[in-house]
Amino acid sequence: MSFAIKAPIPATVPVKGAAAGAVFPVRRIYCVGRNYVDHAIEMGHSGREAPFFFLKPADTVLPVAEGTVGRMHYPGITTNLHHEVELVVAIGVGGRNIAAADALKHVYGYAIGLDMTRRDLQNESKKLGRPWCTGKGFDESAPIGPIVPAAQCQLGSDTPISLTVNGAVRQASTLGKLIWSVPEIIEHLSAAWDLAPGDLIYTGTPEGVAAVVVGDVMRASLGASGSVTTLAVELVARSA
Ligand code: MN
């Protein structure tokens with residue numbers, strides 16, 4: 001087989017501790033909407049609804065090696081770019097109609113990520129009943145730290161997840177505050193789509209979402225003092 005045009009390079013994410021620099025190939029990026037009560041409330045909802053999903057293109061990942069500061073270009077056509085810090089689940093074994101009780105067997109590992117959002121465009125889409133693609137699925141909209149293999153993660157309901165901007169805390173919660181747990185998300189998601197190795201699931205953000213501007217440095221952390229993993233991203237100006 002040969003490609004008629006230049007073939008795209010698959011999106012990848014580094015794996016923490018991987019031998020010979022093995023990377024995680026990204027197939028799809030699923031995102032869960034409103035999965036923490038206090039974020040649902042800040043977005044004007046009751047906090048009690050079935051999980052719902054949207055997608056970002058795989059090549060919107062912006063992988064950042066731990067200990068380095070990634071560079072995200074401030075996107076076009078927005079004046080209200082928001083951060084959403086999220087636990088990311090990396091699927092290693094695919095499946096359909098996966099029961100919550102079996103779901104963790106399908107997880108390769110976890111990462112911390114940012115579901116960056118052009119909030120002005122998302123709000124306009126909501127008002128007009130249009131898809132969220134322009135608000136959510138733009139280039140570099142999914143910064144992500146390295147994937148930590150599940151066996152190396154000690155995640156529990158008291159595991160902290162947080163985000164600072166220029167050193168000031170913007171978002172701080174714990175995984176126990178997820179409305180839908182990781183196994184429940186996988187059960188719901190795999191009823192709607194066949195999951196496959198390489199899928200990423202951004203599991204939703206806690207309260208405290210707010211705007212960032214060029215020059216801001218976002219630092220996300222999973223685990224006490226980032227003991228599981230961390231992610232740092234600086235917003236830089238977009239060239240013409
Ligand atoms: Mn989100």
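Observations, loosely collected:
- At least 2 residues being over 16 Å from the mean Cα position of the chain (by Cα) and more than 16 Å from the ligand (Cβ to nearest atom) is the threshold, and among the strands (runs of 3 or more DSSP E) wholly inside the stretch 199-238 those reaching it are 229-236.
- Meets criteria (under 19 Å from Ala211 (Cα atoms), of a type in the set (A, V, I, L, M, F, W, C) and at pLDDT 95 or above) for Val32: no
- Of all residues in the stretch 79-90, those that are touching a residue at least 40 places away in the same chain (Cβ under 8 Å) and over 16 Å from Arg34 (Cβ atoms) have Cβ atoms under 6 Å from Cβ atoms of residues that are near the ligand (Cβ under 10 Å from one of its atoms) and of a type in the set (Gly, Ala, Ser), 6 or more apart or on another chain, in Val88/Gly113.
- Pairs are defined by a Cβ separation below 6 Å, a sequence spacing of at least 6 or placement on different chains, a first member in the stretch 30-57 that is within 12 Å of the ligand (Cβ to nearest atom) and hydroxyl-bearing (Ser, Thr, Tyr), and a second member that is assigned to a strand (DSSP E or B) and open to solvent by 60 Å² or more (accessible area, probe 1.4 Å); the pairs so defined are Tyr30/Leu55.
- Test for Val15: is it under 18 Å from the mean Cα position of the chain (by Cα), open to solvent by less than 40 Å² (accessible area, probe 1.4 Å) and more than 16 Å from the ligand (Cβ to nearest atom): yes
- Of the residues screened, Ile41 is not one that is open to solvent by less than 40 Å² (accessible area, probe 1.4 Å) and farther than 16 Å from Ala142 by Cα.
- Which listed residue is assigned to a helix (DSSP H, G or I) and either more than 17 Å from the chain's Cα centre (by Cα) or closer than 29 Å to Asp216 by Cα (or both), from Ala103, Ala111: Ala103
- Residue match in the stretch 88-109 (condition: under 27 Å from Val214 (Cα atoms) and among the aromatic types (Phe, Trp, Tyr)): no
- Among the residues listed as Gly176, Gly156, the single one being open to solvent by less than 70 Å² (accessible area, probe 1.4 Å), assigned to a loop (DSSP other than H, G, I, E, B) and either away from the ligand (no atom under 16 Å from the Cβ) or hydrophobic (A, V, I, L, M, F, W, C) (or both): Gly156
- Residue count for the stretch 96-132 under the criterion of being in contact (Cβ under 8 Å) with a residue 60 or more places away in the chain, within 19 Å of Phe52 (Cα to Cα), touching a helix residue (DSSP H, G or I) at 6+ places or on another chain (Cβ under 9 Å) and within 14 Å of the ligand (Cβ to nearest atom): the result is 4.
The values are calculated or read from the model by the stated rules, or taken from the named source; none is laboratory data. All of these numbers come straight from a predicted model, not from anything done at the bench. Don't worry about glycine lacking a Cβ; one is built from the backbone with ideal geometry, like all the others, and counts go over all protein chains shown. Accessible surface areas use protein heavy atoms only, side chains included; no ligands, DNA or RNA. Shrake-Rupley method; radii C 1.70, N 1.55, O 1.52, S 1.80 Å.
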